[in-house]
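This report concerns only the one structure given below.
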Amino acid sequence: MNFSKNLLIEGWREINHSYAMVNQYQIRELLKNNNFKIYFKDIPYFMPEWNKKDNSSGLKDFKEKISKLPQPSNKLKIDILYRISFPYRMYGGNANKIFVFGTSEYQKIDNMIYQGEELNEKYINKSIKVITPSNWSKVGFIKEGFKENDVIVIPCGVDLKIFKPINKEKKIKVRKKLNINNDHFVFLNVSAMTWNKGINKLLVAFSEIKRKYSFAKLILKDQSNLYKETAKNYISITKKKFPNLLTDEVLSNIIVISKNLTLKELSELYGSCDAYVSPYRAEGFNMPPLEAAACGIPTILTSGGSTDDYYDPSFVLKIEGTKKTLNDGKNYIEPDLESLISNMSNLIEKRNSLLKINKAILFIEKNFTWKLISKKLSDLFINDQI
């Protein structure tokens, strides 16, 4: 087979960090494109303890293909270099075109760019084009000095063969394993236990919801296999600040999942719950709400941030928020607690009458499949535009 372009990808593979997952889905589609001969160079993981066993990507059917991607020889002419790892490597390279994937959750990328070992300064080549998944995130790179036209928004996608609704029998089975009855209304959040995710605000909101609705439950799926912070520890810290809210009764109805899940297990977890809630403060994109919607459940999301790019009334209830700036210049959205509680209450009261989940799945199918996203990526690589 004759390929027109040599594409070298520098990044991580076979682990479940969001950057690696995004890249692996992209590669799966790009391998179907006859325009590219794909090579891969492994970049050291951001955390030295990360490994393919404990942090498996879950893409079992694709693992062999991505593991066999060859490294280029030193003599090979590279047409396109695509970097997707952290910290961001903004220096030049031996390629006709260089693209770097990155996110700026707080619309600021200080301390996120690779520092030279010999020079005490950042290596930034302003001829590089930046790929970022949201318009919110784009702002940070423009503030760093990149031209607006050189920061291209290409969103993340959803694999609809993996993330899809489950039947009633499967839902009952998954809930039973978690000691959840069919009568319970279950909220879910899947994220790292960090301040920008707004988990402390979610815990306070749930404590208020629990007082009104005895059948409410909350599941926190943390990412402690990637990051050291666990949901249990985060709950403990929040309880010390709000001892009168996070009572033993409230805490007994919060389920923590820390183990690494396969993609199938994650999909079934989404589908077994009644709503996904993300009162985030700062995100580069926020993939889990889209995956949850594809699995047939409504979402509650902070308004004004990165998720506005995929807002659709068929599956999103918006939390009112206020844009704020920290002392170091980082921007974020502070979600309004009363708005969060009101949206959670409305979903419980009105159940499925508020939103149109079938329309949500069609919306994702038309706009956010990995096939569509990777088409934009390949168009950018070849034509410098999407």
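The values are calculated or read from the model by the stated rules, or taken from the named source; none is laboratory data. The shown structure was predicted, so the numbers you read here are calculated from the model rather than taken from an experiment. Here the Cβ is made from the backbone with ideal geometry for all residues, glycine too, and neighbour counts use every protein chain on show.
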Output yes when any residue across segment 353-368 is under 24 Å from F141 (Cα atoms), in a helix (DSSP H, G or I), among the small types (G, A, S) and under 19 Å from the mean Cα position of the chain (by Cα), and no when none is.
no
For segment 45-104, what are the residues that are in a strand (DSSP E or B) and over 28 Å from W136 (Cβ atoms)?
S56, I78, D79, A95, N96
Out of everything in segment 10-26 that is buried (at least 23 other Cβ atoms within 10 Å of the Cβ) and assigned to a loop (DSSP other than H, G, I, E, B), what residue ends up being farthest from the chain's Cα centre (by Cα)?
W12
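Conditions tested, residue by residue: (1) among the β-branched types (V, I, T); (2) modelled with pLDDT under 95; (3) surrounded by fewer than 17 Cβ atoms within 10 Å (Cβ to Cβ).
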site: L8; (1), (2), (3): no, no, no
site: R28; (1), (2), (3): no, yes, no
site: M47; (1), (2), (3): no, yes, yes
site: G58; (1), (2), (3): no, yes, no
site: E64; (1), (2), (3): no, yes, yes
site: S73; (1), (2), (3): no, yes, yes
Which one of the conditions (1) small (G, A, S); (2) closer than 27 Å to V151 by Cα; (3) in the same structural domain as S272 (by TED's automatic domain parsing); (4) touching a residue at least 40 places away in the same chain (Cβ under 8 Å) does A292 fail to meet, given that it meets all the rest?
(2)
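With segment 208-283 as the region, which helices (runs of 4 or more DSSP H) entirely inside it contain at least 1 residues that are within 17 Å of the chain's Cα centre (by Cα) and not assigned by TED's automatic domain parsing to the domain that holds I15?
Values: elements: 231-241, 248-251, 263-272.
Because the criterion is at least 1 residues that are within 17 Å of the chain's Cα centre (by Cα) and not assigned by TED's automatic domain parsing to the domain that holds I15, the helices (runs of 4 or more DSSP H) in segment 208-283 that meet it are 263-272.
Filter segment 125-149 for residues that are over 16 Å from S374 (Cα atoms) and surrounded by 15 or more Cβ atoms within 10 Å (Cβ to Cβ) and give the result. Walk me through how you get there before you give the answer.
We begin by selecting, within segment 125-149, every residue over 16 Å from S374 (Cα atoms); these are 125-129, 135-149.
Within segment 125-149, I128, K129, W136, S137, K138, V139, G140, F141, I142, K143, E144, F146 qualify.
Which of the residues spanning segment 95-109 are hydroxyl-bearing (S, T, Y) and over 18 Å from the mean Cα position of the chain (by Cα)?
Taking segment 95-109 as the starting set, the residues that turn out to be hydroxyl-bearing (S, T, Y) are 103-104, 106.
Once the filter is applied, which keeps residues that are hydroxyl-bearing (S, T, Y) and over 18 Å from the mean Cα position of the chain (by Cα), segment 95-109 yields nothing.
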Residue among V190, V186 that alone is more than 30 Å from K330 (Cβ to Cβ) and within 23 Å of the chain's Cα centre (by Cα)
V186
Given the options N182, N125, name the one that is at pLDDT below 95 and not assigned by TED's automatic domain parsing to the domain that holds T302.
N125
Quick check on K210: is it of a type outside the set (F, W, Y), surrounded by 22 or more Cβ atoms within 10 Å (Cβ to Cβ) and either within 28 Å of G305 (Cα to Cα) or at pLDDT 95 or above (or both)?
yes
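Within segment 153-167, is even one residue over 21 Å from E265 (Cα atoms), modelled with pLDDT of 95 or more and out of contact with any Asp or Glu (no Cβ under 8 Å at 6 or more places or on another chain)? Outline the logic, then answer.
The initial filter retains those residues of segment 153-167 that are over 21 Å from E265 (Cα atoms), namely 153-155.
From the residues that got through so far, the ones that are modelled with pLDDT of 95 or more too are 153-155.
Then drop every residue that is not out of contact with any Asp or Glu (no Cβ under 8 Å at 6 or more places or on another chain), which leaves 154.
Yes, segment 153-167 contains a residue that is over 21 Å from E265 (Cα atoms), modelled with pLDDT of 95 or more and out of contact with any Asp or Glu (no Cβ under 8 Å at 6 or more places or on another chain).
Hey, does segment 239-251 have a residue that's crowded, with 20+ Cβ neighbours inside 10 Å, under 22 Å from W50 (Cβ atoms) and in contact (Cβ under 8 Å) with a residue 24 or more places away in the chain? Reasoning before the result, please.
Filtering segment 239-251 for residues crowded, with 20+ Cβ neighbours inside 10 Å gives 246, 250.
Add one more test, that the residue is under 22 Å from W50 (Cβ atoms), and what stays is none.
Among the residues of segment 239-251, not one is crowded, with 20+ Cβ neighbours inside 10 Å, under 22 Å from W50 (Cβ atoms) and in contact (Cβ under 8 Å) with a residue 24 or more places away in the chain, which makes the answer no.
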